[in-house]
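Computed from the coordinates by the stated procedures, all read-outs in this text should not be read as laboratory data. Remember, it's a predicted structure, so these values are computed and weren't measured experimentally. For neighbour counting, all protein chains shown are included, and Cβ atoms are generated from backbone atoms with ideal geometry for every residue, glycine included.
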């Protein structure tokens with residue numbers, strides 16, 4: 001009768017030293033070292049477990065092997081946990097108070113940049129509207145700044161002046177409304193930044209006081 005080191009399949013990285021007599025299949029007992037690496041059924045108390053054979057030999061040799069495998073598994077688990085912790089620390093800034101402030105500030109900058117661009121376009125349309133003459137002709141000094149304004153100017157000669165003015169006014173109002181919504185969103189982001197900064201400062205002061 002020999003001894004085996006087995007790894008429990010339903011509880012990975014848990015090892016034990018057992019005799020070959022614990023194997024359910026008697027034919028497997030006769031294979032001895034040939035069953036290393038195979039998955040077999042093992043009697044453990046009143047229960048039957050599916051285990052993977054990791055070694056065969058004397059009791060002393062198997063106890064040494066069992067300790068070695070358990071130590072390797074423990075070191076691997078510690079290394080894996082440290083890797084996960086390091087990854088979480090690197091990405092944790094996105095979920096931390098400071099990280100949320102950084103993300104909100106970036107979003108606020110994007111909205112303000114977009115708002116600035118739309119305000120400029122709205123002002124251009126207002127300028128064209130102010131210099132529109134009753135005959136539908138535009139002031140020669142007005143220079144369109146983009147392709148959309150150029151197409152609008154070309155189409156004005158074929159449109160009724162009132163219709164042109166109404167169309168431009170509608171565009172201006174639409175752009176103004178968009179700008180207003182963006183400004184409201186920017187204000188809300190500012191409020192969130194202030195709240196998060198207060199929370200961050202409070203947490204920092206509590207840490208200092210406790211230390």
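Contact order, relative form, for segment 3-90: 31 percent (alpha carbon pairs under 8 Å, 6 or more residues apart, mean separation divided by residue count). So how far apart, in nm, are the two label points at residue 162 and residue 64 if each is 7 Å from Cα heading toward Cβ? Rounded to a tenth, the inter-label distance reads 10.6 nm. Classify segment 6-70 from the C-alpha gyration tensor, please: rounded if a/c falls under 1.5, else prolate or oblate depending on whether a/b exceeds b/c. Oblate, because a/c is 1.5 or more while a/b does not exceed b/c.
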